[in-house]
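A.B. asks: Take a look at this one; I'll ask things after.
The values are calculated or read from the model by the stated rules, or taken from the named source; none is laboratory data. Keep in mind that this is a model prediction, so the values were computed, not measured. Here the Cβ positions follow ideal geometry from the backbone for every residue, glycine too, while neighbour counts run over all protein chains shown. Ligands, DNA and RNA are excluded from the accessible area calculation, which covers all protein heavy atoms including side chains. Shrake-Rupley method; radii C 1.70, N 1.55, O 1.52, S 1.80 Å.
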Amino acid sequence: MRQMRRIACGLTLICLAYPATDAAAKPRIGKALGTTLVAPLIILGDLGGGLGLVSASIVGLAGDSIAAIDDNRITHPVLKGFVSQPLKRVGLGISHLSTGWLEGLRGEDIERLPESQAAYLEAAPVMGRIETFSTGVRALGLGVHDLITAPLWFGAELVGIERWRTSIYRTRRNARIQALGPEPTRAQASDD
């Protein structure tokens with residue numbers, strides 16, 4: 001613990017001293033402090049949304065499996081999917097809550113989320129669950145990436161070296177696009 005404090009103090013001193021050696025550096029203290037507030041929310045959104053989407057896919061897949069028994073051509077007139085349909089609806093609810101968590105804490109609109117009710121409940125049951133699971137895993141990976149790059153993001157804003165800022169912004173942007181698809185309709189103000 002003591003060694004971690006020493007490392008943190010040393011890095012802080014380097015970050016504070018470096019701009020003095022680079023005339024082009026323009027520290028943005030306000031932006032640096034803003035990252036300390038925004039980064040944890042983004043990370044929580046990624047991780048919570050990712051776990052929720054993985055859970056939704058598992059619940060939905062369980063509903064699809066049970067539907068093979070209680071909602072097929074032979075049993076549907078009698079059983080009418082009395083177990084599988086509610087289970088699929090629970091999965092859809094988890095998916096929507098997770099998507100809301102992901103979008104809300106990231107502060108952006110993710111174009112292809114939330115999944116539509118018709119697509120989740122009726123269309124391509126197993127393939128749809130694989131896509132939901134895949135999106136959840138990618139969101140979890142993005143959360144880990146954001147967790148690693150958050151201190152670098154803070155340092156880049158604090159030190160104010162433009163090439164660092166640009167490089168970190170580009171890395172975070174590319175990771176977000178790979179994980180969640182096209183950029184949001186409204187760019188994040190915190191990354192500008």
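A.B. asks: Can you tell me which residues in segment 66-82 are within 26 Å of T135 (Cβ to Cβ) and at pLDDT below 85?
C.D. replies: A67, A68, D71, G81, listed by residue number.
A.B. asks: Further, regarding this structure: Being closer than 27 Å to A139 by Cβ and small (G, A, S) is the filter here, so list the residues in segment 46-77 that pass it.
C.D. replies: Hits for segment 46-77 are G48, G49, G50, G52, S55, A56, S57, G60, A62, G63, S65, A67.
A.B. asks: Given the condition buried (at least 21 other Cβ atoms within 10 Å of the Cβ), over 15 Å from V38 (Cβ atoms) and out of contact with any His (no Cβ under 9 Å at 6 or more places or on another chain), answer yes or no: does some residue in segment 171-180 qualify?
C.D. replies: Yes, that holds for at least one residue.
A.B. asks: Please work out if G141 is farther than 30 Å from E162 by Cα, modelled with pLDDT of 90 or more and assigned to a helix (DSSP H, G or I).
C.D. replies: no
A.B. asks: Right, next: For residues in segment 35-61 being among the hydrophobic types (A, V, I, L, M, F, W, C) and more than 11 Å from the chain's Cα centre (by Cα), which is most open to solvent (accessible area, probe 1.4 Å)?
C.D. replies: L37
A.B. asks: Right, here's the next one. Does V126 satisfy the criteria of being closer than 30 Å to A68 by Cα, open to solvent by 70 Å² or more (accessible area, probe 1.4 Å), part of a helix (DSSP H, G or I) and among the aliphatic types (A, V, I, L, M)?
C.D. replies: yes
A.B. asks: I148 versus (1) open to solvent by 70 Å² or more (accessible area, probe 1.4 Å); (2) without any contact (Cβ under 8 Å) to a residue 12 or more places away in the chain; (3) farther than 23 Å from G48 by Cα; (4) not hydroxyl-bearing (S, T, Y): which is the lone unmet condition?
C.D. replies: Single failed check for I148: (3).
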